[in-house]
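Here's a structure for you.
The values are calculated or read from the model by the stated rules, or taken from the named source; none is laboratory data. If you're wondering where the values come from, they're calculated on a predicted model, not measured in any experiment. Here Cβ is always computed from backbone atoms with ideal geometry, including for glycine, and neighbour counts include all displayed protein chains. When the accessible area is computed, the model is the full protein with side chains, heavy atoms only, and any ligands, DNA or RNA have been set aside. Shrake-Rupley method; radii C 1.70, N 1.55, O 1.52, S 1.80 Å.
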Amino acid sequence: MRLLPRLIGILVAAFIAAPLLIVVPMSFSTAPSLEFPPPGYWLGYYAAYFTDERWTQPTVNSLVIAFGTMLLTMLLVTPATFAVVRHRFLGRGIANLMLTMPMAMPHIVLAIGYYSYLGDLRLTQTHAGVIIAHTALSVPVAFLILSANLKGFDRNLERAAMSLGATPLRTFWHVTLPVLRPGFAISALFAFIQSFDETVVALFISGRESETLPRKMFESIRVQADPVISVVSTLLFAAVVLVVLMPVLWKAARKRRSPTGPSAVARDAAGANAGTAPSDINPCAPSRVQLEA
Amino acid sequence: MPDRYLQVSALTKSYGSVTALGGVSLDVEKGEFVTLLGPSGSGKTTTLMIIAGFETATSGTVEIGGRSLSNIPPHARNIGIVFQNYALFPHRTALQNIMFPLNMRGVPAAEAERKARAMLDLVGLSSYGDRWPKDMSGGQQQRIALARALVFEPSLLLLDEPLGALDKSMREQMQIEIKRIQKSLGVTTIFVTHDQSEAMTMSDRIAVFEQGRIDQIGTPQEVYRRPSTPFVARFIGDSNLLPGIVLDPEQGLVRTEHFGLMRLPDRLKTATGAKVTLMLRPESIHLAGMMDTRGGDTERMNRAEVNVHTVVPYGESTLLIGRSGGSDLRIRLRAQEADGIGSGASLKLLWPAAAVHAIPTA
Amino acid sequence: MISTTVRGASKPWLLLLPLVLFLSAFFLVPLVQVAMMSVTEPEPGFGNYAHLAEDALYLQVFLNTFLTALGVAVCCLLLGYPLAYLMAQSSPRVAALLMLLVTMSFWTSFLVRTYAWMVLLGNNGPVTALLALLGWDPAPHLLFTRFSSTLAMVHILIPYMVMSLYSVMKRIDPALLRAAESLGAKPWSVFRQVYLPLSAPGMVNGATLVFMICLGFYVTPVLLGSPQEQMVAGLIGTQIEEFLDFGQASAMAMVLLASTLVVLTVYHRRFGLDRLWG
């Protein structure tokens, strides 16, 4: 009775893991097309990825665009989040709805909109155009994470700071900001990844000049299964593994080094927006809800 | 006027149609320890927040040393506050927390550290300066919060239920500790709590809050022995409240429904026929056989007979609940006295007129 | 930003203004433009919508999309539930390990996961080889079929389901299960009568999410699916890329958008939207 559901659970876990792992050996394969198991191993396609401008340029474009999206998103979302979380005012519900709406839009719908609208503004095929579109798409995630953190923020800390003589500005700078720093960091990271992974809108609006990595990958997969894709996939997967494991490793290292440390603040604050999952692994994964794809 | 250091006058606060404060006035002397006592939602914390500047009163004023606080923002009020959850900054060590107000005032780093360390000594945590708040126990965090609120020599110290989160033994220890530190620094202190025993043990005076108003302000003895409303009598300590009608104000005689004629210690200021509530503390009732009445003042004694229906042993004392007519009477005896008294026993009781206090009923 | 509550509405709106302006200009206006195009291109009127309603092909695509989304949601639920249950019942260490796996999959780009399935299901891939080994030779063509795209979508979306389920399951008080058992329920009844109903919110959340994402899914169906059995998003893309038919594409986009909003509204009416984004 206990065994069967357990077994099914383990099989499902294997179903989730297998495809993730298969791209790794593929990236070292000598085969020019999809073939598994690989007939031989080499690093030729890694060399190809790092030297071929048709791959490095989209990678740089994606990094630049993701970074720009992150900055613009945080700049816009931070004051808005304080307004929505900290104040009760007429139209708050509408503001809330507006900030989360882009999340509920199928990306293909927005892709058409941006294709024609940014085209009118002569912003298609530019970095700025993609950054603008990606910022609109990143706002909900960044807002949700930041507002969850802000809601969990103890207002008494600010009251205490003020009673101790800190002006509102210094209170924000010396107390609110440092305590919320992990929340800001996670929020920004999500905005970055949201942009870095976004495919559909980029497919329609990023021209040759601002081609993003996902667009390049999509087209390579569609046209001919370029073996370099498995290299990019492996590198992207490795980056995910690194980011996901980082808090775990950090925690383990901290435990060994000393029993105290300011980073515990980070962990607690990150845990505040919890929702699901063992919070030390990935506190806010489900907020990455997007009808992208 | 040295007597009125902190002057709170006719504070009101309403949120829409809800009235949180309905005219609170309070004068506090310099160096005094005054407790705002009341159930949650009675307005004591709101009063505290208005004094601190985090809430604005709908009307009324707060003055310290004759200076109105109305237009002074919280950070310029020079008031130290200890919050219920301590509100220690998690990204600063204990010492850095204590230094914060000095940093904000531009005190040079070396002097700030010296002062902060002196405060650490005062609260008995000299070696804890480099600890992070999360690595300290509740009681230790409490002391750091207290040190932080005092290090800048505030003109007033506000304590918002600071002991609520501690366990019982720690709470008693901190009561003594806070009182010691407060006395040694002589800082004027307003303490908010809903715990009457805390209020009794720590305060110079207690202000009892009920539904946005202060029912009574007085020393712990005053509010305990001579509560001015039935609410105060019920809220502080255990009590029997017996409704009665004044029979003879000159003689101090009141007729009660279930316990007959009751003698009071003094003349009553009310007229014959006025309704009063008599308060009788359970511990001032004695067994008739046990009390020495040879003092001759039998005239000034009250008597009753009850049937015990509940016996609750508390260790050093025992609470008996007896019934007479249609009314319960709570009696608290020393444990040895109550030995052998079981449910169903019939008791002859006796209490001096001085134990009865009349509360005028509206 | 610090003061408690500001009575007037001016201050919060001032803080909101930059973002509201930005979203108006770069989110609402493009959306409105799509709506406009659907009734103005190539000529004013509701011709595009009429065309959608008349042409059996479009109806077929919408039906196909709807059924696929439904199927993917059901598969995710059936597969995700045992895994989430396993996580909720395991020791914290095992649960954390499994969550790590789910999280990694969740974070890995859709494209990477889609590509992985191309490798797995390809003609020279391990699945074909395995089938051949089992005697199914020549093995059926798996890639670029409805099967391959559905399978990949299930794999891609299952983390959403597992996370929705797990977040609800781990909040189920074990004392309730012990109470049920002490009251005479057999293990299956405990599950059926107590655990399953208590985990229902997670099932609804997960299924709604998966269904909604699947409705507008573009990448995986286009790359892995059969060109003859497109889904709505893919067809919209084709309309633009191949025929530059913005009017028809916009009309389909509006219908897709409307269907998504209907799902959201139904969910919101019954459960409240706040809970969906977890």
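Report, by residue number, each residue of segment B:215-238 that is in contact with a Leu (Cβ under 9 Å, 6 or more places away or on another chain) and over 18 Å from B:Glu198 (Cα atoms).
Once the filter is applied, which keeps residues that are in contact with a Leu (Cβ under 9 Å, 6 or more places away or on another chain) and over 18 Å from B:Glu198 (Cα atoms), segment B:215-238 yields only B:Pro230.
Being over 22 Å from A:Pro5 (Cβ atoms), open to solvent by 30 Å² or more (accessible area, probe 1.4 Å) and not β-branched (Val, Ile, Thr) is true for just one of C:Trp136, C:Trp117, C:Trp107. Which residue is that?
None of the other options fit; the residue is C:Trp136.
When residues of segment B:264-276 are filtered for being under 15 Å from B:Ala355 (Cα atoms) and surrounded by fewer than 19 Cβ atoms within 10 Å (Cβ to Cβ), how many remain?
Result for segment B:264-276: 3.
Filter segment A:41-57 for residues that are closer than 15 Å to A:Thr234 by Cα and assigned to a helix (DSSP H, G or I); which is most open to solvent (accessible area, probe 1.4 Å)?
The qualifying residue most open to solvent (accessible area, probe 1.4 Å) is A:Phe50.
If you don't mind, another one. In this structure, is C:Ser226 open to solvent by less than 50 Å² (accessible area, probe 1.4 Å), part of a loop (DSSP other than H, G, I, E, B) and polar (S, T, N, Q)?
Details: open to solvent by less than 50 Å² (accessible area, probe 1.4 Å): yes; part of a loop (DSSP other than H, G, I, E, B): yes; polar (S, T, N, Q): yes.
Spelling it out, C:Ser226 is indeed open to solvent by less than 50 Å² (accessible area, probe 1.4 Å), part of a loop (DSSP other than H, G, I, E, B) and polar (S, T, N, Q).
Please tell me if B:Glu29 is within 14 Å of chain A (Cβ to nearest Cβ), in contact with a strand residue (DSSP E or B) (Cβ under 9 Å, 6 or more places away or on another chain) and either touching a residue at least 12 places away in the same chain (Cβ under 8 Å) or open to solvent by less than 30 Å² (accessible area, probe 1.4 Å) (or both).
Working: within 14 Å of chain A (Cβ to nearest Cβ): no; in contact with a strand residue (DSSP E or B) (Cβ under 9 Å, 6 or more places away or on another chain): yes; either touching a residue at least 12 places away in the same chain (Cβ under 8 Å) or open to solvent by less than 30 Å² (accessible area, probe 1.4 Å) (or both): yes.
So B:Glu29 does not fit the description; no.
For segment C:165-197, which positions are open to solvent by 70 Å² or more (accessible area, probe 1.4 Å) and aliphatic (A, V, I, L, M)?
Within segment C:165-197, C:Leu176, C:Leu183 qualify.
From the list C:Ala233, C:Ala200, which residue is of a type outside the set (Ser, Thr, Tyr) and more than 10 Å from every other protein chain (Cβ to nearest Cβ)?
C:Ala200 is the lone residue from the list that is of a type outside the set (Ser, Thr, Tyr) and more than 10 Å from every other protein chain (Cβ to nearest Cβ).
Please give the number of the condition A:Leu169 fails out of (1) away from chain B (no Cβ under 14 Å); (2) without any contact (Cβ under 8 Å) to a residue 40 or more places away in the chain.
Just one mismatch for A:Leu169, condition (1).
If I ask for residues that are out of contact with any Lys or Arg (no Cβ under 9 Å at 6 or more places or on another chain) and either in contact (Cβ under 8 Å) with a residue 60 or more places away in the chain or not in a strand (DSSP E or B) (or both), which ones from segment B:215-231 would you list?
Hits for segment B:215-231 are B:Gln221, B:Arg226, B:Ser228, B:Thr229, B:Pro230, B:Phe231.
I've got another one for you. Between a residue in segment B:335-361 that is among the aromatic types (Phe, Trp, Tyr) and any residue that is in a loop (DSSP other than H, G, I, E, B) and at pLDDT 90 or above, which pairs come within a Cβ distance under 6 Å, given they are 6 or more apart or on different chains?
Final answer for the pair search is B:Trp351/B:Ile285.
State whether one or more residues within segment A:271-285 are at pLDDT below 60, facing chain C (nearest Cβ under 9 Å) and in a helix (DSSP H, G or I).
Looking through segment A:271-285, at least one residue is at pLDDT below 60, facing chain C (nearest Cβ under 9 Å) and in a helix (DSSP H, G or I).
Yes or no: B:Val254 closer than 15 Å to B:Phe33 by Cβ and part of a strand (DSSP E or B)? Spell out how you get there, then give the answer.
Details: closer than 15 Å to B:Phe33 by Cβ: no; part of a strand (DSSP E or B): yes.
No; evaluated as a whole, the condition is false for this residue.
Here is a follow-up. Please work out which one of (1) out of contact with any helix residue (DSSP H, G or I) (no Cβ under 8 Å at 6 or more places or on another chain); (2) under 30 Å from C:Leu101 (Cβ atoms); (3) open to solvent by 20 Å² or more (accessible area, probe 1.4 Å); (4) touching a residue at least 12 places away in the same chain (Cβ under 8 Å) is the condition A:Pro32 fails and give its number.
Here A:Pro32 clears every test but (2).
Quickly run through segment C:143-153 and pick out the residues that are assigned to a helix (DSSP H, G or I) and either small (Gly, Ala, Ser) or open to solvent by 10 Å² or more (accessible area, probe 1.4 Å) (or both). Break it down into steps so the answer makes sense when it comes.
At the first step, the residues of segment C:143-153 found to be assigned to a helix (DSSP H, G or I) are C:146-153.
Of everything in segment C:143-153, those that are assigned to a helix (DSSP H, G or I) and either small (Gly, Ala, Ser) or open to solvent by 10 Å² or more (accessible area, probe 1.4 Å) (or both) turn out to be C:Arg146, C:Phe147, C:Ser148, C:Ser149, C:Thr150, C:Leu151, C:Ala152.
Can you list the helices (runs of 4 or more DSSP H) lying wholly within segment C:35-142 that have 3 or more residues being more than 7 Å from chain A (Cβ to nearest Cβ) and under 27 Å from the mean Cα position of the chain (by Cα)?
C:47-54, C:56-89
Shifting gears a bit: Among the residues of segment A:1-13 satisfying the criterion of being part of a helix (DSSP H, G or I) and open to solvent by 50 Å² or more (accessible area, probe 1.4 Å), which is nearest to the other protein chains (Cβ to nearest Cβ)? Before the answer, list the steps.
Taking segment A:1-13 and keeping what is part of a helix (DSSP H, G or I), we get A:3-13.
Among the residues that remain, those that are also open to solvent by 50 Å² or more (accessible area, probe 1.4 Å) are: A:3-4, A:6-8, A:10-11.
Working: A:Leu3: 11, A:Leu4: 9, A:Arg6: 6, A:Leu7: 8, A:Ile8: 4, A:Ile10: 7, A:Leu11: 8 Å.
The qualifying residue nearest to the other protein chains (Cβ to nearest Cβ) is A:Ile8.
How many residues are closer than 30 Å to C:Leu31 by Cα, within 20 Å of the chain's Cα centre (by Cα) and either among the aromatic types (Phe, Trp, Tyr) or within 7 Å of chain C (Cβ to nearest Cβ) (or both) if we restrict to segment A:198-244?
5
What number goes with the only condition from (1) open to solvent by 10 Å² or more (accessible area, probe 1.4 Å); (2) touching a helix residue (DSSP H, G or I) at 6+ places or on another chain (Cβ under 9 Å) that B:Thr12 does not pass?
For B:Thr12, the exception is condition (2).
How many of the residues making up segment B:125-135 are in a loop (DSSP other than H, G, I, E, B) and either more than 21 Å from B:Leu157 (Cβ to Cβ) or more than 32 Å from the chain's Cα centre (by Cα) (or both)? Spell out the reasoning first.
Step one: of segment B:125-135, the residues in a loop (DSSP other than H, G, I, E, B) are B:125, B:129-132.
Filter once more, keeping what is either more than 21 Å from B:Leu157 (Cβ to Cβ) or more than 32 Å from the chain's Cα centre (by Cα) (or both): B:129-132.
Matching residues across segment B:125-135 total 4.
When the residues of segment B:100-123 are narrowed to those that are closer than 19 Å to B:His75 by Cβ and either in contact (Cβ under 8 Å) with a residue 40 or more places away in the chain or surrounded by fewer than 16 Cβ atoms within 10 Å (Cβ to Cβ) (or both), which ends up nearest to the other protein chains (Cβ to nearest Cβ)?
B:Pro101
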